[in-house]
Each structure stands twice: as structure tokens, then as C-alpha cells.
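A short worksheet on the structure shown next.
Just so you know, all these numbers are worked out from the coordinates, no wet-lab data involved. Please read all numbers here as calculations on a predicted model, not as lab measurements. Cβ: placed from backbone, ideal geometry, glycine included. Neighbour counts: every protein chain shown.
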Amino acid sequence: METSRSTDPVEHVATPRNRTGGSDPRVRRTRRSLQEAMASLVEEASPVTMSAVAQRAGLSRQVLHNHYDSIEPLAAQVLVRRILEGAGHEAPPEPETALQALVDAVRRDGLAPFLAFIQRDRGVFLALRELAHGQTTAMLAQVFSGLVSGHPDIDESAAADREAALFAAGGMTTLVDAWLHMPAPPDAAARAALLERYAHAVFTARR
């Protein structure tokens, strides 16, 4: 279904179809099974379709459609959960809160541990990104926006500063994508420092 466009990429991150049952243990178990099924297919480089995910999870395709209306939101949630857990954090049981948990973890721990895991998990990350289409870009933009919005030079109440944060997030996302395609990118600490310098340069230049 076509939706109205927004200048904020964060609004394009999809959430599960069944929004009301996220706290139900049965719903959480079902979604976890579907996410694990997709992850295993991607790790094996097997074809990933709605039918294949449902079959791997031991569930009907109708059950899958009750929770996800397409591959894209499921892949996006698998990606967020995988990054959180790969960097040593427990993903929350409700998928709706997993992205915010990732934003909070990056704010707290910095970018380096997450960049290191993404590079180690490069093949799976790129495959999930392809399955999630634009939702991966929106997810990374939200993570980076959450990080840079806490920058000491940023006044979140100022429209110009909010725009600068979004611009910085877009550039940071592009840099991460470029590193994923390099045979020998800089180490994670160097990449994190470069992203922070880039964000600082954006904030300084806007003044």
C-alpha cells in the first residue's frame, strides 16, 4: 500500500502487522520462530520466500502473514535483532522495541562494537539488507540519528540542528555501506572515530 512520503527516513521502518499482540508470549514465540527461520535460510544462502520461511519455522503461511505482510519487515527485524545480539546485547522480546534498544545501545556503547560485528557478519548483513530493501537504510539512519542527536553541539529543539542530524545520519549510512564492499576496510575503532569526526564536521559547518 502506498503511503505518504516523509523527509524523515525513520518513519519508513516497518513494524509487525499484529501490533496488539506483542506482549503475548505466544505471539513473541511465533515471531521469534519466524525470525530464526529466516536467519537460518540466509546463513545457508537458501532461497528466502514467505513459503520457505513458514516451512522452516514449521508454521503455516497464513500464520506468517498474520504477523508479517511481506519479507521486508521480517528481514529488517531479523537484522536489528542480529546486530544487537552479535554485539553482546539481549534483544527485547517485543520486536517493536528492538530498534529503540539498538539505538540506546549505540548511544551507550559507541559505534565500534556494532561496526565490528557487522563487518564480521558481512555476508549475512548484506543478504538481509537486500531482503529488507529500503528498511535497512531507514534503520541505520535511525540508529545514527539517535547517536548524533545526543551530540553536545546539537540543539534538538532547533529545526536546523534536526536537519543536520538527519544529513549526518545519511552520510554515515553511506560510509558504512562503502566499507562493507571494501576487501580490507579500516578497523572498527578507526571507522567509529571517522564517523564521529564526520558528524562533528557536519554540525560545525552548519553554523
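If you count, for each residue, the other Cβ atoms within 10 Å and average over each peptide, how do 50-60, 126-136 line up from highest to lowest?
Packing proxy ranking, top to bottom: 126-136, 50-60.
Assign one of three labels to region 99-146, namely rounded, prolate or oblate, based on the Cα gyration tensor with a ≥ b ≥ c the square roots of its eigenvalues; rounded applies when a/c is under 1.5, prolate when it is not and a/b is larger than b/c, and oblate otherwise.
oblate
For the pair R122/A189, report the inter-label distance in nm, with labels modelled 7 Å from Cα in the Cβ direction.
Simple spin-label model gives 2.1 nm for this pair.
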